[in-house]
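**Q** The structure that follows is given in the form of structure tokens.
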Amino acid sequence: MRANVWSGRNTVQVENVPDPKILNDRDAIVQITSTAICGSDLHLYDGYMPTMKQGDILGHEFMGIVTDVGKGIDNLKKGDRVVVPFPIACGGCNACAKGLFASCENSNPNAALAEKMMGHPVAGIFGYSHLTGGFAGGQAEAARVPFADVGPIKIEGDLPDESVLPLSDVLPTGWMGAEMADISEGDVVAVWGAGAVGLFAALGAKLMGAERVIVIDRIEYRLEKVRNDLGLETINYEQTAVLEALNEMTAGRGPDACIDAVGMEAHHGHAAVNAYDRVKQATRMETERPHAVREAIMACANGGTVSIIGVYAGLMDKFPLGSLMNRSLTVRTGQCHVHRYMRPLLERIEKGEFDPAFAISHTMSLEDAPKGYDTFKHKEDCCTKVILKP
Amino acid sequence: MPPSASDLGRPGDLGPLEQALGWASLALGVPQTLAPGAFNRAIGAPDGPRAKLVTVVAGGTRELAAGAGILAAERPWPVRTLIARVAGDALDVGLLVASWRSRPQDRNRWRLALAFATATAIGTADVLALARAKEQSDADGPPLPTVKEHPKRERTGVTVRAPLEEVRAAWEAWDGVAPKESADFVIAPGGRGTEVRVNVKEGAGLPPVELAKRVAGRSFDQQVADDLRHFKQTVETGEVLRSDGSPEGPSAPRLMTQRPAQPVADPTQNR
Ligand SMILES: NC(=O)c1ccc[n+]([C@@H]2O[C@H](COP(=O)([O-])OP(=O)(O)OC[C@H]3O[C@@H](n4cnc5c(N)ncnc54)[C@H](O)[C@@H]3O)[C@@H](O)[C@H]2O)c1
Ligand SMILES: [Zn+2]
Ligand SMILES: [Zn+2]
């Protein structure tokens, strides 16, 4: 089959690779109809996620048609149309029992490696380095899906791929970002990053009843999307001092919740500060470029919540722990426990409450994956989200 | 493990005398450098342009260097900086004596006397600190908290989400690496299943052999850890999960030799 593989920093290529096969009884094979490129893939593409290997098939957001199932699977059959959540979860461990699917204790064969780097292991993830298991990803014609009785959700209606594929990651992730913000009446919520994750976090915050939602980015076409598609307020951090603007907008209180939907490759408006963390990251003295999360902490109202949904890999410098501690802030974070959000969010989409397809800007052939990565990385051509069709 | 040059302690590792001297150096150096005229008037010394220059060069710069040397650079036993300080103290006393002689009629001479007394006291403190620092650094190097190799744990454990009797029965049937009879089973708190603990300590071989085994992922505790993961997975999920990178499931040797994350070509199809 054809698959998009990682072949070193800033290089992906579409190659012929062996077809996936059933390896475990609870596996399914999915013939992929749509797969997306994610901001998380950019961290791999840019070479900031450790433990990648040349030849790794990328992609953790995919959906398609079941073509084969292992003998332990009886909830799915050939021909079923499914969306696959990006974390792999067994459904049987203590973490899964608590709904913490992205912390599953049994889905990462390389748990020992993760344990060394992070203290305790993390779950398996499709196409997302060997730290998360070394699973082939979904930017391919087909993929093997372990624990297929726990993860994939069947799509029965005739919603187009574009409206349900976001269930695999970015919609639940943004949603969880908003949920962790613990929004109550009168809350002002600020969201850093207007990528797909930030857009869905803002949408979630709005639907959860936030009084005001303010989205921060510097890419004007994305902020336009926030204003036009979601009817929310924006700040362009290249034109406006964010902390001062937020202070004024909240009459000095600061936002009650701050959501970081940017992650480890944040950019800073001041060239010097930007350069400082770029150099440290490039020389591996820190793994993160944490401008957004620093700002989110400083901005947050006393006693407020900082919800970190952007991805971080390891160690960072100049984390404003003093601000966090002295002002009674709460930090909540996690890889998204996608499984627990798929059903309720699909129901909302089916009811027509919203259509997540608005976040998708580009549809390309799988063969054009390298171009898709390049366009998405450089935010060219008003790109917010790329879908690839094998 | 001996400390590396770059982690020779923190300011708190200095003795109180050294700390006081370091800060006193900074406290003296700043006014001497920034306001030499005012400083000289305060101690009753001449405050003309030449005297001011002497205060900046021979006093301020030197004190700042000494403060920085003690507090930041040469920790925790700043022997060389203290030698420089003792030399500087001699110079100070000399300058004060020269000032005393140069203005026999001055009614501010009492200030010079006070400064002289202070300089002598500081000099004495410096000599004492130097003696102690020299002795310490000669004797046993920096007084860092000793980092001990912790003894290797003898037991390791895993929590399995299943009732104790079921876990015990599965263990009886399990054909693994972990020393079977060493296992004990405890009900985990709050409905978390069963805690299983086993011995991981084996009679250690020669250190180079042990090291080579560890590097290859084949030391005994690594094997036991893999085995426990396999056991837990089998009880909780019915099987051992394989990935493209680790086709055998959890395996420490495989961590060093990951396959790329793409399907294995089917050997029977000869692709
Ligand atoms: N926790 C999870 O489970 C999970 C899942 C998916 C994605 N993510 C992470 O979410 C983050 C965003 O993903 P995406 O797909 O939306 O990526 P994206 O690259 O499309 O969007 C990131 C946006 O952040 C903006 N940005 C950069 N620096 C900023 C700053 N200092 N202040 C404000 N905005 C800034 C960029 O301009 C860009 O628009 C990534 O880190 C991704 O890895 C996390
Ligand atoms: Zn994603
Ligand atoms: Zn699990």
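**Q** Just to be sure I understand, how many residues within the stretch A:241-287 are surrounded by fewer than 16 Cβ atoms within 10 Å (Cβ to Cβ), within 20 Å of A:ASP317 (Cβ to Cβ) and of a type in the set (Lys, Arg)?
**A** Residues flagged as surrounded by fewer than 16 Cβ atoms within 10 Å (Cβ to Cβ), within 20 Å of A:ASP317 (Cβ to Cβ) and of a type in the set (Lys, Arg) within the stretch A:241-287 amount to 2.
**Q** Take residues that are over 38 Å from the mean Cα position of the chain (by Cα) and tell me which of the helices (runs of 4 or more DSSP H) falling wholly in the stretch B:27-112 contain 2 or more.
**A** Values: elements: B:36-43, B:49-54, B:62-68, B:79-102.
Because the criterion is at least 2 residues that are over 38 Å from the mean Cα position of the chain (by Cα), the helices (runs of 4 or more DSSP H) in the stretch B:27-112 that meet it are B:36-43, B:49-54, B:79-102.
**Q** So, one more: How many residues does the stretch A:96-116 hold that are touching a residue at least 60 places away in the same chain (Cβ under 8 Å) and outside any helix (DSSP H, G or I)?
**A** Residues that pass the stated criteria total 2.
**Q** Another one. From A:ILE153, A:ILE125, A:ILE183, grab the single residue that is more than 12 Å from chain B (Cβ to nearest Cβ) and either within 20 Å of the chain's Cα centre (by Cα) or at positive phi (or both).
**A** Working: A:ILE125 fails: more than 12 Å from chain B (Cβ to nearest Cβ); A:ILE183 fails: either within 20 Å of the chain's Cα centre (by Cα) or at positive phi (or both).
Unique residue meeting the criteria: A:ILE153.
**Q** Could you list, in sequence order, the residues of the stretch A:94-107 that are within 8 Å of another protein chain (Cβ to nearest Cβ) and within 16 Å of ligand 1 (Cβ to nearest atom)? Spell out the reasoning first.
**A** Initial filter on the stretch A:94-107 (within 8 Å of another protein chain (Cβ to nearest Cβ)): A:94, A:97, A:105-107.
A:SER107, the sole residue that qualifies.
**Q** Continuing with this model, one more query. Could you identify the single residue in A:GLY39, A:GLY64 that is buried (at least 20 other Cβ atoms within 10 Å of the Cβ), under 16 Å from A:GLY151 (Cα atoms) and away from chain B (no Cβ under 14 Å)? Even if it seems obvious, please write down each step before you answer.
**A** Values: A:GLY39 fails: under 16 Å from A:GLY151 (Cα atoms).
Matching residue, one of A:GLY39, A:GLY64: A:GLY64.
**Q** I'd like to know if the stretch B:178-190 contains one or more residues that are among the charged types (D, E, K, R) and either part of a loop (DSSP other than H, G, I, E, B) or within 14 Å of another protein chain (Cβ to nearest Cβ) (or both). Working first, answer last.
**A** Residues of the stretch B:178-190 among the charged types (D, E, K, R): B:180-181, B:184.
Right, trim to either part of a loop (DSSP other than H, G, I, E, B) or within 14 Å of another protein chain (Cβ to nearest Cβ) (or both) and you get none.
So far as the stretch B:178-190 goes, no, none of its residues is among the charged types (D, E, K, R) and either part of a loop (DSSP other than H, G, I, E, B) or within 14 Å of another protein chain (Cβ to nearest Cβ) (or both).
**Q** Moving on. Considering only residues that are open to solvent by 80 Å² or more (accessible area, probe 1.4 Å) and without any contact (Cβ under 8 Å) to a residue 60 or more places away in the chain, which ones fall in the stretch B:165-188?
**A** B:GLU165, B:ARG168, B:GLU172, B:ALA173, B:ASP175, B:GLU181, B:ILE187
**Q** Moving on. Mind listing whichever residues of the stretch A:68-93 are of a type in the set (Val, Ile, Thr) and more than 9 Å from chain B (Cβ to nearest Cβ)?
**A** The first filter runs over the stretch A:68-93 and keeps only residues of a type in the set (Val, Ile, Thr), leaving A:69, A:73, A:82-84, A:88.
Correct list: A:VAL69, A:ILE73, A:VAL82, A:VAL83, A:VAL84.
**Q** So for the stretch A:69-78 (the condition being assigned to a loop (DSSP other than H, G, I, E, B), free of Cβ contacts under 8 Å to residues at least 24 places away in the same chain and open to solvent by less than 20 Å² (accessible area, probe 1.4 Å)), does at least one residue qualify? Even if it seems obvious, please write down each step before you answer.
**A** The initial filter retains those residues of the stretch A:69-78 that are assigned to a loop (DSSP other than H, G, I, E, B), namely A:70-78.
Narrowing further to those that are free of Cβ contacts under 8 Å to residues at least 24 places away in the same chain: A:77-78.
Those left that are additionally open to solvent by less than 20 Å² (accessible area, probe 1.4 Å): none.
No: zero hits.
One line per residue, one yes/no per condition, for (1) polar (S, T, N, Q); (2) within 12 Å of another protein chain (Cβ to nearest Cβ); (3) surrounded by fewer than 17 Cβ atoms within 10 Å (Cβ to Cβ); (4) under 35 Å from the mean Cα position of the chain (by Cα):
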{"site": "B:VAL198", "(1), (2), (3), (4)": "no, no, no, yes"}
{"site": "B:GLU202", "(1), (2), (3), (4)": "no, no, yes, yes"}
{"site": "B:LEU228", "(1), (2), (3), (4)": "no, yes, no, yes"}
{"site": "B:PHE231", "(1), (2), (3), (4)": "no, yes, no, no"}
{"site": "B:THR237", "(1), (2), (3), (4)": "yes, yes, no, no"}
{"site": "B:ASP244", "(1), (2), (3), (4)": "no, yes, no, no"}
{"site": "B:MET256", "(1), (2), (3), (4)": "no, yes, yes, yes"}
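**Q** Can you give me the ranges of the helices (runs of 4 or more DSSP H) entirely in the stretch A:137-236 with at least 3 residues that are more than 10 Å from ligand 1 (Cβ to nearest atom) and without any contact (Cβ under 8 Å) to a residue 24 or more places away in the chain? Don't jump to the end; show me each part of the working.
**A** Numbers: elements: A:161-164, A:170-180, A:196-207, A:220-230.
Ranges flagged: A:220-230.
The values are calculated or read from the model by the stated rules, or taken from the named source; none is laboratory data. Not measured: the values here are computed from a predicted model. Note: ideal-geometry Cβ built from the backbone for every residue, glycine included; neighbour counts use all protein chains shown. The area values use the complete protein model at the heavy-atom level, side chains included, leaving out ligands, DNA and RNA. Shrake-Rupley method; radii C 1.70, N 1.55, O 1.52, S 1.80 Å.
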